[in-house]
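Okay, structure first, notes after.
The values are calculated or read from the model by the stated rules, or taken from the named source; none is laboratory data. Not measured: the values here are computed from a predicted model. Here Cβ is always computed from backbone atoms with ideal geometry, including for glycine, and neighbour counts include all displayed protein chains. The protein model used for the area step is the full one, side chains on, heavy atoms only, and it has no ligands, DNA or RNA in it. Shrake-Rupley method; radii C 1.70, N 1.55, O 1.52, S 1.80 Å.
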Amino acid sequence: MSRTPRTLVRVLSGGAAAGLLAVSLTACGGSDTAGSASDCTPAHNGLTTITEGELTVASYDYAPATILEGEGVTGMEGDLINEIAKLECLKVTVSTSGGAGAVIPSVQSKRVDIGSGNWLRTKERTKIVYMSAPLWSDPQAIVSTTGLTSDDLEGKVIGSVAGNLWNDSMQKWLGDKFKIYQDDESIYSDLKAGRIDALVASSASANYRFKDAPIEGATVVNVKPNANVPQFAAVGQVMLPSSLDNDALGKALDEDIQKLREDGTIKKLLEKYGIDPSVGEPGAPTEL
């Protein structure tokens, strides 16, 4: 699949979502007209969304989970959201701009209904958003050109994108040898140029990226538990965040996700983007 170059910006400002650009994509019954199809029966009656008849989604470009294309979002997570919208007879409206840091604040402030972009279930996020049932598991990995593992990082220059869960722990452990980047392109550029020894990223994202933009000798090695980085103790589970004040929507998402798992849709979406379908059976919900 050909893609335009993508930039991932993970600024952490709570107000980063201001001025989000809203664009729409119809996702009910395959119609290309605005609004839901008149003969569509929703899986859950009476759902309340920011805009009646629409499911507003905050997202950003983070392939293969989310791929912004024109006025819509695809990728394995984007496609899944479109399938959920079909079940609920809703039109998907995608809010972009502001980077990853705008997603959770937009959900909290009720500017959007749900967030998207490889968000993991964590204990801290239980306090601020409704975390959906897990979509799939997402192993994290050490990406290097020398085969480094999570046991080999001390004394090395290691990079990570801003906003990652493990950043504080790694900063304490590695000190000034730990570098935080604001976008995906810069960190991979520095890895390729040898300015950093390794980076920490989603295994799925790194492997998908290397299909289109390989780096000679690069390896993607899933992390192992490390006493210096508690976040490496377990594999994260990806979820769709929604507002704590809209419990009905959150529970509807849970049930829709379960249906799409049982009917094989999630397995097919993972295979479509070259992801091992076994991660689509993440087990009972957990939090990092």
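Whenever a residue of region 247-270 is within 12 Å of E88 (Cα to Cα), its partners that are open to solvent by less than 70 Å² (accessible area, probe 1.4 Å) and part of a helix (DSSP H, G or I), lying with C-beta atoms within less than 6 angstrom and at least six residues away or across chains, give the pairs D256/I84; D256/L87.
For G101, the stated conditions do not hold, so it cannot be described as surrounded by fewer than 22 Cβ atoms within 10 Å (Cβ to Cβ), more than 21 Å from A162 (Cβ to Cβ) and out of contact with any His (no Cβ under 8 Å at 6 or more places or on another chain).
Name every residue in region 199-247 that is under 19 Å from V161 (Cβ atoms) and basic (K, R), in order of residue number. Within region 199-247, just R209 meets the criteria. The test for being more than 22 Å from Q258 (Cβ to Cβ) and surrounded by 17 or more Cβ atoms within 10 Å (Cβ to Cβ) holds for K91. Residues in region 60-76 that are over 18 Å from A162 (Cα atoms) and either open to solvent by 10 Å² or more (accessible area, probe 1.4 Å) or in contact with a Leu (Cβ under 7 Å, 6 or more places away or on another chain) (or both): L68, E69, G70, E71, G72, T74, M76. For residues in region 127-140 being of a type in the set (G, A, S) and in a loop (DSSP other than H, G, I, E, B), which is most open to solvent (accessible area, probe 1.4 Å)? Going through the qualifying residues, I end up with A133. Here the condition is being buried (at least 17 other Cβ atoms within 10 Å of the Cβ), farther than 29 Å from L270 by Cα and among the β-branched types (V, I, T); of V157, V161, V143, it holds for V157 alone.
Table: residues versus (1) closer than 22 Å to K268 by Cβ; (2) assigned to a helix (DSSP H, G or I).
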residue: T48; (1), (2): no, no
residue: E52; (1), (2): no, no
residue: K86; (1), (2): yes, yes
residue: P105; (1), (2): no, yes
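For A201, the conditions (1) of a type in the set (A, V, I, L, M); (2) touching an Asp or Glu at 6+ places or on another chain (Cβ under 7 Å); (3) closer than 21 Å to T66 by Cα all hold with the exception of (2).
G250 satisfies every condition listed in (1) closer than 24 Å to V129 by Cα; (2) assigned to a loop (DSSP other than H, G, I, E, B) except (2).
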